[in-house]
């Protein structure tokens with residue numbers, strides 16, 4: 001994530017800001033510009049870094065989802081931004097607990113959409129592809145069972161994952177070192193991109209099978225085996241997580257999520273001077289050595305960030321080991337994405 005500043009006064013801003021806390025300028029995030037822009041009237045909008053309030057407004061989910069993204073005034077008053085428009089189902093406004101969790105989920109989703117855009121990955125919605133287009137069902141499990149997962153482009157999230165206590169209880173019970181809303185989204189979007197990036201390419205499918213295994217293995221059988229027997233002994237030598245051992249599709253999704261973790265953290269670190277400038281998204285890592293360069297930057301940074309967390313009495317920021325077979329899988333993901341870009 002980039003380091004944002006107010007175009008009006010230079011005050012440093014967070015990605016979520018809709019008002020500058022220094023000069024009080026109204027702000028909106030532009031996905032096209034990858035910047036926070038000032039929303040100003042008439043002549044005041046003519047300088048760089050500003051948009052005219054007669055042509056732009058904030059997303060209709062400003063209050064419901066704390067969304068600070070800009071939309072053009074091209075139609076009805078109720079207009080959703082590029083991120084919020086991907087949500088197909090959300091809780092009822094009359095459910096305050098679910099709506100609070102919905103806002104947290106949308107906040108994480110916006111970060112996902114920004115990273116996908118930075119990586120030049122295709123975001124094809126349900127309006128363009130009614131059968132397999134990307135959509136999100138953000139559902140409350142207060143009154144019905146909700147399973148977080150992916151099916152034919154639709155990502156479903158149990159909004160209970162937005163509750164810190166609930167999520168931590170699940171993390172401990174499932175012996176996971178890490179569990180976040182953004183992590184869920186990055187994992188599930190991996191399933192979506194298997195269809196978009198691997199399925200159409202015979203070469204990619206062959207290499208996928210060599211690295212991850214047969215994607216057509218019976219999923220229910222693999223699921224039953226995983227939860228009945230657990231991960232195989234020694235899984236740490238070839239998988240990024242125990243869940244990745246369940247099925248080749250889950251191995252891909254888990255590895256894809258970690259690739260997104262690494263790229264975004266490197267980009268943010270570079271923006272604040274903690275990593276080389278070449279770690280940013282806009283400095284593409286070209287050629288066979290590109291992924292190796294990324295990992296050479298990542299490993300010392302991850303170690304330093306883990307030590308910083310320990311200095312604050314917290315658990316490691318990135319509590320994972322990346323053995324050579326996992327790096328080979330991740331290198332493949334990098335190559336697939338880079339070829340597309």
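A short reminder: the numbers here are calculations on the coordinates, not readings from a lab. Keep in mind the model is a prediction, meaning the values are calculated, not measured.
Descriptive notes on the structure:
- The angle separating the long axis of helix 96-118 from the principal Cα axis of greatest extent in the chain is about 80 degrees.
- Share of pairwise Cα separations in the stretch 1-133, more than 27 Å, in percent: 22 percent
- Gyration tensor verdict on the stretch 119-231 (Cα atoms; rounded if a/c is under 1.5, prolate if a/b is larger than b/c, oblate otherwise): oblate
- The stretch 116-184 shape via C-alpha gyration tensor axes, a/c threshold 1.5: oblate
- Inverse of mean 1/r across different Cα pairs in the chain, Kirkwood, Å: 21.5 Å
- Helix 164-173 vs. the chain, principal-axis angle (Cα, 0 to 90°, nearest 10): 10 degrees
- The stretch 260-308: C-alpha pair distances exceeding 13 Å, %: 51 percent
- Estimated from helical segments only, the mean residue ellipticity of the chain at 222 nm is -13000 deg cm²/dmol, where each DSSP H run of four or more residues counts as -39500 (n - 2.57).
- Prolate/oblate/rounded label for the stretch 179-238 (Cα gyration tensor, a/c 1.5): oblate
- Beta bridges assigned by DSSP with both partners in the chain are antiparallel in approximately 50 percent of cases.
- Mean-position separation - Cα centroids, the stretch 59-100 and the stretch 247-282, in angstrom: 28 Å
- Kirkwood Rh, Cα atoms: Rg over Rh of the stretch 247-341: 0.97
- Once the Cα atoms are used to define both axes, helix 248-271 deviates from the longest principal axis of the chain by about 40 degrees.
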